[in-house]
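S.K.: The structure's right below; bear with me while I get my questions together.
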Amino acid sequence: MRPTPDKIPQETVSAVAGLAEARQPSAAGHQRRVADISAAIANELDLDADVVNAIRFAGELHDIGKVGLPAELLTRTSRLSLSEWELIKSHCQIGYEIVAEMSCKWHTAEMVLQHHERCDGSGYPAGLRGEEILFGARILAVADTIEDRVWSSPAGAEHGLESAVEEVRRGSGTLFDRHVVTAGLRLFREGRLSLSPEPDASATR
């Protein structure tokens, strides 16, 4: 029997996550920060501890599929061609296959597969809608968007947070699950989720 997410040593998870980030140095720490934000949102929504653990696990490995992509695509600053973009999108499926070998409980691999799906069906890889998307994947989608805007903003974290808040608020109920958005924005607004480059992993209600 494969171990459940809570039985896999953190050192192992971090080492596996680092494989993807080594190919895209600009994304160093991204998966861990997404995991921290996702777990904080899950706790804010009163999800069971086992589910929170599974969501954190999926967050730490949601981009692991990038190990299967050419490094030059991951570091490209110029516009991607359509075929290159399709290749980038394949990281969801590759990640699913990797995580499925590590854990068979709590749908962690499916969360990795679905973290770019959007509630209105505009996401990928399957164009799922609404409740067709696992709730954990809906949490990852919001956390991933917030992290990307906050920590990659050239104008700094404060400006990045404004951009993140506006993007997820604008997409609430269409792109993103409205309950997840409400919980996430409440955590940031009330200062219970850090804006530093090293967010507090224990940030919860």
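The values are calculated or read from the model by the stated rules, or taken from the named source; none is laboratory data. This one's a predicted model, so the numbers in the text were calculated from it and none came from an experiment. So basically every Cβ, Gly included, is an ideal-geometry build from the backbone, and we count neighbours across all protein chains shown.
S.K.: Report every pair of residues separated by at least 6 positions or lying on different chains whose Cβ atoms are under 6 Å apart, first residue within the stretch 111-128 and buried (at least 23 other Cβ atoms within 10 Å of the Cβ), second of a type in the set (Val, Ile, Thr).
M.R.: VAL112/VAL99; GLN114/ILE133; GLU117/ILE133
S.K.: Continuing with the same structure: Just one of ALA40, ALA35, ALA22 is loosely packed, with under 15 Cβ neighbours inside 10 Å and over 21 Å from GLU132 (Cα atoms); which is it? Before you say what the answer is, go through the steps one by one.
M.R.: Numbers: ALA40 fails: loosely packed, with under 15 Cβ neighbours inside 10 Å; ALA35 fails: loosely packed, with under 15 Cβ neighbours inside 10 Å.
Of the residues listed, the single one that is loosely packed, with under 15 Cβ neighbours inside 10 Å and over 21 Å from GLU132 (Cα atoms) is ALA22.
S.K.: Between residues in the stretch 138-157 that are more than 16 Å from CYS119 (Cβ to Cβ) and residues that are hydroxyl-bearing (Ser, Thr, Tyr) and at pLDDT 80 or above, which pairs lie under 9 Å by C-beta distance while being six or more apart or on different chains?
M.R.: ARG149/SER163; VAL150/SER163; SER153/SER163; ALA155/SER163
S.K.: Within the group VAL52, VAL13, which residue is modelled with pLDDT of 95 or more and buried (at least 20 other Cβ atoms within 10 Å of the Cβ)?
M.R.: Just one listed residue meets the conditions, VAL52.
S.K.: Right, something else. How many residues does the stretch 56-83 contain that are surrounded by 15 or more Cβ atoms within 10 Å (Cβ to Cβ) and part of a helix (DSSP H, G or I)? It would help to see each step written out before you state the result.
M.R.: Let us first name the residues in the stretch 56-83 that are surrounded by 15 or more Cβ atoms within 10 Å (Cβ to Cβ), namely 56-69, 73-74.
Restricting the remaining residues to those that are part of a helix (DSSP H, G or I) gives 56-60, 64-68, 73-74.
Selection size over the stretch 56-83: 12.
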